[in-house]
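Participant: Take a look at the following structure, please.
The values are calculated or read from the model by the stated rules, or taken from the named source; none is laboratory data. Not measured: the values here are computed from a predicted model. A quick note on method: Cβ atoms are made from the backbone with ideal geometry, for glycine too, and the neighbour counts reach across all protein chains shown.
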Amino acid sequence: MLRVVTANLNGIRSAAKKGFFDWLSNLNADIVCVQEIKCSQDDMTPEFLIPNGFRGYFQYAKKRGYSGTGLYTKQEPDRCIIGFGNKSFDHEGRYVELRYGNLSLVSVYIPSGSSSKERQAVKYRFMDDFYMHLNKLRLEREVIFCGDINIVHKEIDIKNWKSNQKNSGCLPEERAWLSRVFSELGYIDVFRTLDTRPEQYTWWSNRGQAYIKNVGWRIDYQIATAGVASTARRTSIFHDIKFSDHAPLTIDYEYELSNMRP
């Protein structure tokens, strides 16, 4: 069994103080994808680099206290790839990939466009470039890419559908892009193959008691090529402890990493 977790930490130091790594030590996870670590390489302590038998691989943003993406594993990969070769975005720390045989496990953090029209334009450029990368990757390998996608897909994935139609993360163009990832590239929204219930959210605004009232968005995903997606067996969103404004998403896949090696 391969247990994969993804979590936007909204600051690795803050999440650690709230017990994220203590929780992780009891989860029996194999792969843990994290986003928005908001930490430079110089600030990373052993607790963050090698917690509880894991080894971390990271891409740090050049801007201090901003973005940053990582991937923890207990089994040494065949290869680690930092960034997806895009000069426009690799300085923002948004992509880490570990390879085991013909399987790629990816932690990705798609930009938010909520702060300005300029950042929304940056988000669209990232989406276009990342789409081409996903297309190339799926032609060569099995893929599980995890992370904060910053896009809801359908009405079931957000509490206030109508009122958010003009807001970044729920724009028609963004949702159409995600539909193309599924329909044209053949990737699978793994969570939705296992759980079709409404009101299953992974992010809540810090305003208006959104978390308590469960006024949320499902913007954190595990998305996979069809072969590996077909082995998914169980999923859960962890709410018992609030490590950040996002909740960790866990999915169990029915195979071992060692089986992916030729």
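Participant: Out of all the residues in segment 1-39, which are closer than 16 Å to Arg64 by Cβ, polar (S, T, N, Q) and either modelled with pLDDT under 95 or touching a strand residue (DSSP E or B) at 6+ places or on another chain (Cβ under 8 Å) (or both)?
Facilitator: Listed by number, the list holds a single entry, Asn10.
Participant: Leu178 is checked against (1) within 17 Å of the chain's Cα centre (by Cα); (2) over 20 Å from Ala7 (Cα atoms); (3) modelled with pLDDT of 95 or more and fails just one. What number does that condition carry?
Facilitator: (2) is the only condition that Leu178 fails.
Participant: Now, a different point. Out of curiosity, is Gln200 surrounded by 12 or more Cβ atoms within 10 Å (Cβ to Cβ), in contact (Cβ under 8 Å) with a residue 12 or more places away in the chain and either among the aliphatic types (A, V, I, L, M) or more than 30 Å from Asp78 (Cβ to Cβ) (or both)? Walk me through how you get there before you give the answer.
Facilitator: Values: surrounded by 12 or more Cβ atoms within 10 Å (Cβ to Cβ): yes; in contact (Cβ under 8 Å) with a residue 12 or more places away in the chain: yes; either among the aliphatic types (A, V, I, L, M) or more than 30 Å from Asp78 (Cβ to Cβ) (or both): yes.
The answer is yes for Gln200.
Participant: Something else now. Return the residues of segment 37-53 that are touching a Leu at 6+ places or on another chain (Cβ under 8 Å) and under 20 Å from Glu97 (Cβ atoms); say none if nothing qualifies.
Facilitator: Ile37
Participant: If I filter segment 192-235 down to residues being of a type outside the set (A, V, I, L, M, F, W, C) and in contact with a Lys or Arg (Cβ under 8 Å, 6 or more places away or on another chain), which single residue comes out as nearest to Arg138 (Cα to Cα)? Spell out the reasoning first.
Facilitator: First pass over segment 192-235, keeping only residues of a type outside the set (A, V, I, L, M, F, W, C): 192-193, 195-202, 205-209, 211, 213-214, 216, 218, 220-222, 225, 227, 230-231, 233-235.
Still in the running and in contact with a Lys or Arg (Cβ under 8 Å, 6 or more places away or on another chain): 199-202, 211, 214, 216, 225.
Details: Glu199: 30, Gln200: 28, Tyr201: 27, Thr202: 26, Tyr211: 36, Asn214: 35, Gly216: 31, Thr225: 7 Å.
Checking each candidate, the answer is Thr225.
Participant: Glu173 - would you say it is exposed (fewer than 14 other Cβ atoms within 10 Å of the Cβ), touching a residue at least 60 places away in the same chain (Cβ under 8 Å) and either closer than 27 Å to Asn135 by Cβ or not aliphatic (A, V, I, L, M) (or both)? Steps first, please.
Facilitator: Values: exposed (fewer than 14 other Cβ atoms within 10 Å of the Cβ): yes; touching a residue at least 60 places away in the same chain (Cβ under 8 Å): no; either closer than 27 Å to Asn135 by Cβ or not aliphatic (A, V, I, L, M) (or both): yes.
No.
Participant: Considering each of Ser236, Ser258, Ser163 in turn, give the residue that is out of contact with any Gly (no Cβ under 8 Å at 6 or more places or on another chain) and modelled with pLDDT under 95. Reasoning before the result, please.
Facilitator: On the way: Ser236 fails: modelled with pLDDT under 95; Ser163 fails: modelled with pLDDT under 95.
Sole residue among the options that is out of contact with any Gly (no Cβ under 8 Å at 6 or more places or on another chain) and modelled with pLDDT under 95: Ser258.
Participant: Filter segment 218-243 down to residues that are surrounded by 21 or more Cβ atoms within 10 Å (Cβ to Cβ) and among the small types (Gly, Ala, Ser) and give me whichever is nearest to Leu24 (Cα to Cα).
Facilitator: We begin by selecting, within segment 218-243, every residue surrounded by 21 or more Cβ atoms within 10 Å (Cβ to Cβ); these are 218-225, 228-229, 232, 243.
In the following step, the residues that additionally are among the small types (Gly, Ala, Ser) were identified as 224, 229, 232.
Values: Ala224: 23, Ala229: 23, Ala232: 20 Å.
The residue in question is Ala232.
Participant: Identify all residues within segment 193-224 that are within 15 Å of the chain's Cα centre (by Cα) and not aromatic (Phe, Trp, Tyr); write none if there are none. Talk me through it step by step, then tell me what you get.
Facilitator: Quick first cut of segment 193-224, residues within 15 Å of the chain's Cα centre (by Cα) only: 201-203, 217-224.
Answer for segment 193-224, where residues must be within 15 Å of the chain's Cα centre (by Cα) and not aromatic (Phe, Trp, Tyr): Thr202, Arg218, Ile219, Asp220, Gln222, Ile223, Ala224.
Conditions (1) within 20 Å of Cys33 (Cβ to Cβ); (2) touching a residue at least 60 places away in the same chain (Cβ under 8 Å); (3) not acidic (Asp, Glu), marked per residue:
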| residue | (1), (2), (3) |
| --- | --- |
| Gly169 | yes, no, yes |
| Arg180 | no, no, yes |
| Ser205 | no, no, yes |
| Ala210 | no, no, yes |
| Lys213 | no, no, yes |
| Arg218 | yes, yes, yes |
| Gln222 | yes, yes, yes |
| Ser236 | yes, no, yes |
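Participant: Would you confirm, using the coordinates I've provided, whether Met132 is assigned to a helix (DSSP H, G or I) and more than 15 Å from the chain's Cα centre (by Cα)?
Facilitator: It is true that Met132 is assigned to a helix (DSSP H, G or I) and more than 15 Å from the chain's Cα centre (by Cα).
Participant: Take residues that are under 28 Å from Asn167 (Cβ atoms) and tell me which of the strands (runs of 3 or more DSSP E) falling wholly in segment 70-116 contain 2 or more.
Facilitator: Working: elements: 79-82, 95-100, 103-109.
In segment 70-116, 103-109 are the strands (runs of 3 or more DSSP E) which contain 2 or more residues that are under 28 Å from Asn167 (Cβ atoms).
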